[in-house]
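Note sheet for the following structure.
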Amino acid sequence: MRPPSPAITKVTKAGDIDAFIERLKLSLIDSRELLSNAVGYWVPYELAAKDWDPTKADIPGLTTGFPAGVTGYPKTNPAFSN
């Protein structure tokens, strides 16, 4: 039996990108895991903490956890910018 995914037994902070990456790696390595498991277990706790308002929810790797000075993904793909 394999050990549980990181932070399954406790709710990590949305910006804890290391725990998110560990869960993402597990999802990619183990074919029994869904990719959505990297955040899927976490979302209900976050929604409950934010009064079930999805516009207030922080989602690891998607809306939070960016490096210092980066607040989000670029509006356009820099690879296709002129």
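What relative contact order, as a whole-number percentage, does region 11-64 give when Cα pairs under 8 Å and 6 or more residues apart are counted?
40
Test of understanding: ordering 51, 16, 30 by Cβ neighbours within 10 Å, fewest first, what list do you get?
Numbers: 51 7, 16 17, 30 12.
Fewest to most other Cβ atoms nearby, the residues stand as 51, 30, 16.
Please list the radius of gyration and Dmax for region 36-79, considering alpha-carbon atoms only, with Å as the unit.
So, for region 36-79, Rg and Dmax equal 12.5, 38 Å respectively.
What ³J(HN,Hα) values, in whole Hz, does the Karplus curve 6.51 cos²θ - 1.76 cosθ + 1.60 give for region 22-32 when θ = phi - 60°, with x put for Gly and Pro?
Values per residue, Gly and Pro as x: 4, 5, 5, 4, 4, 5, 7, 7, 9, 5, 7 Hz.
Leaving out same-chain residues fewer than 8 places away, which aspartates and glutamates sit with a Cα under 18 Å from that of residue 13?
By straight Cα distance, residue 13 reaches 22, 46, 51, 53, 58.
Counting Lys +1, Arg +1, Asp -1, Glu -1, what net charge surrounds residue 60 among other residues with beta carbon under 12 Å of its beta carbon?
On the way: positive: 13, 23; negative: 16, 18, 22, 46, 58.
It works out to a net charge of -3.
Read-outs throughout are calculated quantities, based only on the coordinates presented, and are distinct from any laboratory measurement. In this text the structure is predicted, and so the values were computed from the model without any measurement. Every residue, glycine among them, receives a Cβ derived from its backbone with ideal geometry; neighbour counts consider all protein chains shown.
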